[in-house]
1. Can you name the number of the only condition in (1) open to solvent by less than 50 Å² (accessible area, probe 1.4 Å); (2) part of a loop (DSSP other than H, G, I, E, B) that A35 fails?
2. Could you check region 130-155 and list, in sequence order, the residues that are open to solvent by 10 Å² or more (accessible area, probe 1.4 Å), under 24 Å from L75 (Cα atoms), out of contact with any helix residue (DSSP H, G or I) (no Cβ under 7 Å at 6 or more places or on another chain) and part of a loop (DSSP other than H, G, I, E, B)?
3. Testing L44 on (1) without any contact (Cβ under 8 Å) to a residue 24 or more places away in the chain; (2) farther than 18 Å from G104 by Cα; (3) surrounded by 15 or more Cβ atoms within 10 Å (Cβ to Cβ); (4) not acidic (D, E), one condition comes back false. Which one is that?
4. Please verify whether S189 is more than 11 Å from the chain's Cα centre (by Cα), open to solvent by 50 Å² or more (accessible area, probe 1.4 Å) and modelled with pLDDT under 95, treating the condition exactly as stated.
5. With the checklist (1) in a helix (DSSP H, G or I); (2) surrounded by 15 or more Cβ atoms within 10 Å (Cβ to Cβ) in hand, flag the one item A73 doesn't pass.
6. Return yes or no: is G162 at pLDDT 95 or above and open to solvent by 30 Å² or more (accessible area, probe 1.4 Å)?
7. Scan region 143-160 and report the pairs whose first residue is farther than 17 Å from V60 by Cα and hydrophobic (A, V, I, L, M, F, W, C) and whose second residue is in a strand (DSSP E or B) and at pLDDT below 95, with Cβ atoms within less than 8 Å and a gap of 6+ or a chain change.
8. Is it true that G110 is farther than 21 Å from V95 by Cα, assigned to a loop (DSSP other than H, G, I, E, B) and out of contact with any strand residue (DSSP E or B) (no Cβ under 6 Å at 6 or more places or on another chain)?
Amino acid sequence: MSEFVLIGAGGHAKAIVEAIRSAGSDIAAYSDPHAADWLNAPRLNSDEDVEKDTTIVIGVGGTEPDRLERRLALLDGFINRGHGADPVVHPSADVSPSATIEVGAIVLAGAVVQPDARVGRGAIVNTGAMLEHDSTLGPGSHLAPGAIVLGGCSIGACAMIGAGAIVLPGDTVPDGGFVPAGKRYKAAS
């Protein structure tokens, strides 16, 4: 059984901890300025207290591109200091064997990642979201609950695809792009 040090223990972290525990791993400790009464693990005073050579998972969420950029920078900082950041995939997620899930990525309960799709470094495929075949979710991006990225799409770095949004086939969302919840997205021609 592997153990993770959780970085950030707010609401988004609850789904990540559930995914980790459902996959047979656990949380060794967490770093957050506030105590998490829902989490039975030791609290570290700061990120600097995370021991070298530990595996971390980013529990900090983000729904705007600037927050997603900070989240990705946090992940990269830990990686650059020598920490591992194994991807986290909930056992109920359906991930194709030909899909690629990069370091620090998170795929939550009921999500679907289809053949030849790529989930970038530190990206989030949230609860019930779908990343269809041959699509790429860029580093640090967030595919919110119930969002769908159809086949052959390219989602840039630190982009936000809102809950229930649909990105139409073959489309591109630029770095830092934002698709509001419930919207259909078609890039301007």
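1. (1)
2. P145
3. Exception for L44: condition (1).
4. yes
5. Among (1) in a helix (DSSP H, G or I); (2) surrounded by 15 or more Cβ atoms within 10 Å (Cβ to Cβ), A73 violates only (2).
6. No; evaluated as a whole, the condition is false for this residue.
7. Going by the 8 Å Cβ cut-off, there are no qualifying pairs.
8. no
The values are calculated or read from the model by the stated rules, or taken from the named source; none is laboratory data. Just so we're clear, the structure is a prediction, and the values are computed from it rather than from any experiment. Please note: Cβ atoms are built from the backbone with ideal geometry, for glycine as well, and neighbour counts cover all protein chains shown. The protein model used for the area step is the full one, side chains on, heavy atoms only, and it has no ligands, DNA or RNA in it. Shrake-Rupley method; radii C 1.70, N 1.55, O 1.52, S 1.80 Å.
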